[in-house]
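Asks: Encoded as structure tokens, here's the structure I'll be asking about.
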Amino acid sequence: MCGLAGFFVGCELAESCKKSAISCESIKRNYASPFRNWDSRASVRSAPQRQLGDSETLFPSELVPITNHPLFGRKYEHLRSVICNLELLRFLDFTTKLEMVVVNDATAKVALGLFPFVLDDEAQLDAHRIYVDEAYHSLFSFQMAQNVRIRLGLNNCFELPQPAFLRRTNALVSGLDSQLRREYAKLFFVIISEMLITSTLNEARSYSGVDEGIRKLMSDHSSDEYRHHIFYRQLLEQIWPQIDIDTKEFFLSNLESFTAAYLRPDKKSLVKEMLFAGLQRDDAEQIFDETYVPDVVRSYDLACTQEIRTVLADLAHNTDGLSRELVLGISTGHTENISN
Ligand SMILES: [Fe+2]
Ligand SMILES: [Fe+2]
């Protein structure tokens, strides 16, 4: 029985409640909180507001592969700084919406115990801490984006499209036939993105051409995300034995789509940036298509998702008796039915 004593007496779901059938102790004994020092270490509690530095180019070319295409170098070298700064703006917008629209939607439901799985009490408290962290990440990304717009003199004359990860996850989720399956799908996307974002931030802040204020902002974010990564990996391990085989099958057979939703380049946004900066449409399309060739995109996906696929292969093997090779094959796009 869930909820405060007395609130759900007579609940008609009590007899079939999955939470009541699960041994809480077996779930709770394995959680190790990475948030013990959160009150003194979290960025929201300890870091000052970051200010833009003096760099003319705020984001390095190394993080903007389209600027390294030969056609860009030949015809548009004078636009390199503009494109790099627009990419920073898009990165900040991506972060704001990822945290506010997606991560905190699922994190709030975990924190409030709205999923039909049992969670360690300390983990539920940590979900509240993550909710606070993510709200702060959204705030400082949005505020920094406003400052970048002022610096670039953009005001409201350049509107970014909805980020691709939102369009892609909406497409994945909207085809599902039950509310619970849709909520799990959104949670799976959050688990994946939370396990990927730390390396994204660490990679980005390591380049020398990152503006000093942006680097500090990324460092604040990265140190919080290190704890989130540990939390969400453990959450996956805790909930896996508690979810039904159809939901597991959906997740494994769509894993590549979930990871691609987060990782793959956003053509609509990148082409719009290039057109705004002054490239001709044919050149912008050619530069995008020849920079992000399918083999390069796919091998990047595989390199980034190795940990997630290994964790899932171990879980499916240990919990469901599936072979690791089968799960790794499914999760890399060689889909088979795992119910059999
Ligand atoms: Fe975050
Ligand atoms: Fe996070």
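No value in this document is a laboratory result; all are computed from the given coordinates. Bear in mind the structure is a predicted one, so any value in this text is a computation, not a measurement. FYI the Cβ positions are ideal-geometry reconstructions off the backbone, even for glycines, and counts take in every protein chain you see.
Asks: Hey, fewest Cβ within 10 Å first, where do 189, 250 land in order?
Replies: Least crowded to most crowded, the residues run 250, 189.
Asks: Then there is this: Which trypsin sites (Lys or Arg not before Pro) does segment 102-157 hold that lie in a coil by DSSP with at most 16 other beta carbons within 10 Å?
Replies: The qualifying sites: there are none.
Asks: Note the count of lysine pairs whose C-alpha atoms are less than 22 angstrom apart in the chain, limited to pairs 8 or more residues apart or on different chains.
Replies: 22
Asks: Where a ≥ b ≥ c are the square roots of the eigenvalues of the C-alpha gyration tensor, would you call the chain rounded, which needs a/c under 1.5, or, failing that, prolate if a/b is larger than b/c, or oblate?
Replies: The shape class here is prolate.
Asks: Would you kindly derive the ³J(HN,Hα) couplings of segment 312-329 from the backbone phi angles with the Karplus curve 6.51 cos²θ - 1.76 cosθ + 1.60 (θ = phi - 60°), listing them in order in whole Hz, with x for Gly and Pro?
Replies: Coupling constants for segment 312-329: 5, 4, 5, 5, 5, 6, 6, 9, 10, x, 7, 6, 4, 5, 4, 5, 5, x Hz.
Asks: Next question. Treating the angle as unsigned and between 0 and 90°, give the value, to the nearest 10°, between the Cα long axis of helix 121-152 and the longest Cα principal axis of the chain.
Replies: 10
Asks: Still on this structure, please answer the following. With everything on Cα atoms, drop me the angle between helix 164-174 and the longest principal axis of the chain, reported from 0 to 90° to the nearest 10.
Replies: 30
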